[in-house]
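Remarks on the structure that follows.
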Amino acid sequence: MSPFWIMVTILALALVGYILGRRRAGSSAAGDIRKLHSRPTYYGWNTAIWTALPSLLLLLVWVLAQPLIVDRAVNGNIPDSAVSDSQTRGQIMSEVQGTAFELGRAVNEGIVSQSEARALSLDDAATTEKLAAAGIEITPSAPVLEAAKDYRAFNLNASRALTGAALVLALAGLAWSLSQIKPGYRARNIVESFVRGFLILCSLLAIATTVGIVLSLVFESIRFFQLYPWQDFFFGTEWTPSFGGGSKLGMLPLLWGTLYISLIALLFAVPIGLFAAIYMSEYATPRVRGFVKPVIEVLAGIPTIVYGLFALVTVGPLIRDWIAAPAGFGNSASSVMTAGLVMGIMLIPFVSSLSDDIINAVPQSLRDGSLGLGSTPSETVRNVILPAALPGIVGAILLAASRAIGETMIVVLGAGAMARISGNPFDAMTTITVKIVGQLTGDNDFASPETLVAFALGLTLFVMTLALNIVALVIVRKYREQYE
Amino acid sequence: MTDAVSAGPRRVGAQGATRKSLLVADARTRRRNAAETRFKAYGIVAIAIAMLALVFLLFTIVRDGSGAFRQTFIDVPVTIDAAIVDPKGNRDQKDMAGVLTMSYGSMLEKSLETWVAQNNVQIEGLGKADYASFYSSQARATLRDMVLENPEIIGTTINVPALASSRVDGMFKGRVTAESAEIDARTSLAQFRLAEAMEEKGALTTRFNWDFVTQPDASDNRAEAAGLGVAIIGSAYMMLIVLVLALPIGVAASIYLEEFAPKNRLTDIIEVNISNLAAVPSIVFGILGLAAFINFMGLPRSAPIVGGLVLTLMTLPTIIISTRAALKAVPPSIRDAALGVGASKMQTVFHHVLPLAMPGVLTGTIIGLAQALGETAPLLLIGMVAFVTAYPSAPPEGLFEPASALPVQVYNWTQRADSAFFERASGAIIVLLAFLFAMNLVAIILRRRFERRW
């Protein structure tokens, strides 16, 4: 049985367990459910959990472990003579897997029988012909064929063993938990502690994700730094990867591009976002606010790929034809300016809604005091509200900066791919995220520094944004407490 | 002299007294009022810029993309020549399937040539190559499929609308003009004139193009045939995975943190973690997916399952944050009442608090899904950029087969050499935005209908 069907069977058994458990609880109390410790459903759930949980866990572990174990076993059976200079063990292994897959397909489609597949050899003309007629290619090399048959045998045995073990475990759990049911059995407490365990597990997933991110970044980055000196990575000013070797992988041009674009985006987004927030919270009537706020927030709901296309098709050529080319700043459609402006548009709602919340959190009494002393609303905003809200606004700007640094699609489509350090905002430059995408899309060789550098770049990016986020969150949190 | 000293302030006062009326503002007040007006104007300008940017963005997308929903077809009678499609004359499927698609192309070209001769169209420099490149190379394949499906049409002359090439199509969408046709290697002025003549006689029509939404992607030189079918299915599969995983996990995590968790170090770390995860750049999640799901766990590249898992991890913080807000909004009196009549803590939460918080939870989930639907960067890293033309099969197997995704398809098309793909990319964005709009609408309706103020 395939793991999917084993799972379905286990769940069906659990359903049976639920019904039986309920019924048994009822009969153990002789029909008077007031004698039971818990309500009958809990007895049903209790049986279902004991039926399904252990066997599902076994299934999960087995499915994850089986490929590793089978690969190792089969790999050990391949003679060293089969490994030649032109083919590494890994390549042979994938050929073995491919052959085994094809054989499995042939058996499934009924072209050859199970025993014919097991006895197949290269001399067996009749069977190979049958296979070839059905369009199934069998490898020409004998050791691979042997290994593939091995592989199939291992997998077949393993899945048989799994089916047996999982079903036995499920039935044992069913029987045991049914035998436990008595009127005094505390089914609710047991079910509730399972549920509680599940809740805790789910909330630990957040930590697991972070740990996963850190581990995957750190491990591959260490491998990268074993192949490439870290000084050259962090302080190199030249980025010229070449898969033939001899690449220069200096991060500084990418960092420069990232920071330059983020700076332009913030120079655009912060004043606009801030003024919009001030207007909405201090001047606008509820009706205007009720219309403007959601419209600006639509900007936040638009996927970044849309902004990317906007930069590529509309804004880039516009800036080139109307500003950069006439003024002699260069004629590249993708530029720091293009990416920065479009990213700025994307960040407006981010800045404005965060600042709006923060400005609204400033107590009304401060406003009233200032207005009562005779200052105009704008003087109140400048001299009272903004100073009071400043830490929060700084936090909002930092969060926006972290968004800008980590933004990918806009810069991939709008900023270009040239790694260089230049002051001209109309030049095409590139960023960390662009290069991560560039190095990791397509076919990768995870042993070359040119691919692994993406993980080091990712780690740099992660650390930068994490630092910004933590600082921003601390500031915002402190500020909130101040007025609560 | 004492007069002079006291005259100072009095003179100032006298100056003030020269002001004729309270209704006329003095210079300083005017300055302050002007500053006030300016300040207010800055705010209005800022809002105007933001709104204009939105309008401009949507306008250009609709302008560039609406063309993708309309496609030009050639309505010229085609004679299905038995000598070409069935050289052995036995109507045997197997023999007919052996005929190359190329031969069908010559049939189409001939039909166009006949049409030109019959309609007496005179165009200078119209050659064989112009006829050949008038049709999309997809048109021959469509015709071939049609003939193989109903062999009875062999030998007859039928009216099949055939897909025109992207250049001919572009002439009707303003992408190709007489000037640009002249210098373009893939079309010619003669072709342009022919298209004009054909349109006049009704042999070339532009109509709504469902194929754009249902057909799979097409290769580099067939922009006119490229569609979103596989991408929509891939995105739908991923959304399914996100919904099935992220909703229960997110709700469970929020229930624990909001209702059960003691205030201690661990829960503090979890909380900080969640708010940090919400701000981690999406591309980092892509790296996680590549390293953990593909390299470590050995899941297939380009598969919706990997995309779905990555997007689940990305969406979880959003769902957790909104679910916690919804749980917090349920007043404590509900909990107290349930506990008071003897419910356990777990029963209180699952029977009373959670149902009341459900509208908020669902709203948050839909918004999280919408976010996940538009996410591109992580999917690039797990190989969803692959060129996929086969529809994945139904779940669960289909979740492990290669597929594309809507936003990635947009990216893919922007990387093609032919600028006709930009129209497709904008069209795909319209589809994507339509989905997002629908999801947000559902969220707003849910909120309006079920939101309760306590």
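Every number in this text was worked out from the coordinates using simple rules, so none of it is lab data. What you see is a predicted model; the values in this text were computed from it and never measured. Heads up, the Cβs are rebuilt from the backbone with ideal geometry, glycines too, and the neighbour counts pull from every protein chain shown.
Using a Förster radius of 25 Å, what is the FRET efficiency between A:TRP230 and A:LEU68 based on their Cβ-Cβ separation? Nearest 0.05, please. Walk me through the numbers on the way to the answer.
Details: r = 32 Å, r/R0 = 1.28.
E between A:TRP230 and A:LEU68, to the nearest 0.05, is 0.20.
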Determine, for A:ARG382, B:ARG30, the number of other Cβ atoms within 10 Å of each Cβ, and report the residues in order from fewest to most.
-> B:ARG30, A:ARG382
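Where does each of A:SER203, A:SER216, A:SER375 land when they are ranked from fewest to most other beta-carbon atoms within 10 angstrom?
On the way: A:SER203 27, A:SER216 23, A:SER375 18.
Fewest to most other Cβ atoms nearby, the residues stand as A:SER375, A:SER216, A:SER203.
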Provide, as a two-decimal number, the C-alpha radius of gyration of segment B:69-209 over 2.2 N^0.38 Å, N being how many residues it has.
-> 1.08
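Between Rg and the Kirkwood Rh of segment A:239-482, both from Cα atoms, what is the Rg to Rh ratio?
Numbers: Rg = 20.7 Å, Rh = 19.6 Å.
That ratio equals 1.06.
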Hey, got the average number of other protein chain Cβ atoms within 10 angstrom for residues in A:275-284?
-> 5
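What list do you get for A:LEU373, A:LEU452 if you sort them by fewest beta carbons within 10 Å?
On the way: A:LEU373 10, A:LEU452 25.
The order, fewest Cβ neighbours first, is A:LEU373, A:LEU452.
Can you show me the helix-derived [θ] at 222 nm for the protein assembly as shown, built from DSSP H runs with n ≥ 4 at -39,500 (n - 2.57) apiece and divided by the number of residues, rounded to the nearest 500.
Values: 39 runs with 624 residues, N = 938.
-22000 deg cm²/dmol, from helical runs alone.
Output the direction-averaged projected area (hull surface divided by four) of the convex hull of the alpha-carbon atoms of chain A, in nm². Write out the running numbers ahead of the final one.
Values: hull surface 148.7 nm².
The directionally averaged projection comes out at 37.2 nm².
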Please list, or write none, the lysines whose alpha carbon is within less than 20 Å of the alpha carbon of A:LYS248, excluding same-chain residues fewer than 8 places away.
-> A:LYS435
Cross-link table A:LYS293/B:LYS328; A:LYS182/B:LYS345; A:LYS35/A:LYS182, entries beyond 18 Å C-alpha to C-alpha | A:LYS293/B:LYS328; A:LYS182/B:LYS345
For segment A:270-324, state the average projected area of the convex hull of the C-alpha atoms over all orientations, rounded to one decimal in nm².
-> 5.0
Dimensions (Å) - the protein assembly as shown, Cα atoms, principal axes, largest first = 133, 98, 60
Between the helical axis of A:252-278 and the dominant principal axis of chain A, each derived from Cα atoms, what acute angle in degrees is found, rounded to the nearest 10?
-> 60
Partner chain Cβ atoms within 10 Å, averaged over the residues of A:424-432 - can you pull that number for me?
-> 0
Could you pull the Rg and Dmax for segment A:317-403, using just the Cα atoms, both in Å?
-> 19.2, 56
With r as the distance between the Cβ atoms of B:ARG91 and A:VAL295 and R0 = 45 Å, compute the FRET efficiency 1/(1 + (r/R0)^6) and round to 0.05.
-> 0.10
Rg to Rh quotient for segment B:229-450, alpha carbon positions, Kirkwood Rh | 1.04
Please give the FRET efficiency for B:ASP145 paired with B:GLU199, using the beta carbon to beta carbon distance and R0 = 41 Å, rounded to the nearest 0.05.
-> 0.90
In vacuo Debye scattering of chain B, one point per C-alpha: log10 I(q)/I(0) at q = 0.09, 0.12 Å⁻¹?
-> -0.80, -1.08
Average partner coverage of A:294-303, which counts Cβ from other chains inside 10 Å = 6
Helix B:2-17 versus the longest principal axis of chain B: what is the Cα-based angle in degrees, 0 to 90, to the nearest 10?
-> 40
With +1 on each Lys and Arg Cβ and -1 on each Asp and Glu Cβ, and nothing else charged, work out how big the dipole of the protein assembly as shown is about its Cα centre, in Debye to the nearest 20.
-> 4960
Of B:GLY174, B:ASN120, B:MET198, whose Cα points farthest to the positive end of the dipole of segment B:69-209 (charges on the beta-carbon: +1 Lys, Arg; -1 Asp, Glu; origin at the Cα centre)?
-> B:GLY174
Which of A:ALA187, A:LEU204, A:ILE222 sits closest to the plus end of the dipole of segment A:166-232, meaning its Cα is farthest towards the positive end, when Lys and Arg get +1 and Asp and Glu get -1 on the C-beta?
-> A:ALA187
In degrees, nearest 10, the alpha-carbon axis of helix A:142-180 is tilted away from the dominant principal axis of the alpha carbons of chain A by 90
Under a Cβ-Cβ cut-off of 15 Å, what is the net charge of the residues other than A:SER2 that fall near it, where Lys and Arg count +1 and Asp and Glu count -1?
-> +2
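Can you tell me how much longer the chain between A:LEU215 and A:ASP32 gets when fully stretched, taken as 0.36 nm per residue apart minus their C-alpha distance, in nm with one decimal? Mind dumping the intermediate values first?
Details: separation 183, 0.36 × 183 = 65.88 nm, distance 5.60 nm.
Gain on stretching A:LEU215 to A:ASP32: 60.3 nm.
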Taking B:LYS110 as the anchor, which lysines have their alpha carbon closer than 25 Å to its alpha carbon, excluding any fewer than eight residues away along the same chain?
-> B:LYS88, B:LYS128, B:LYS201
Hey, rough spin-label estimate for B:VAL62 and A:VAL463, points 7 angstrom out along Cα→Cβ, what's it come to in nanometres?
-> 4.8
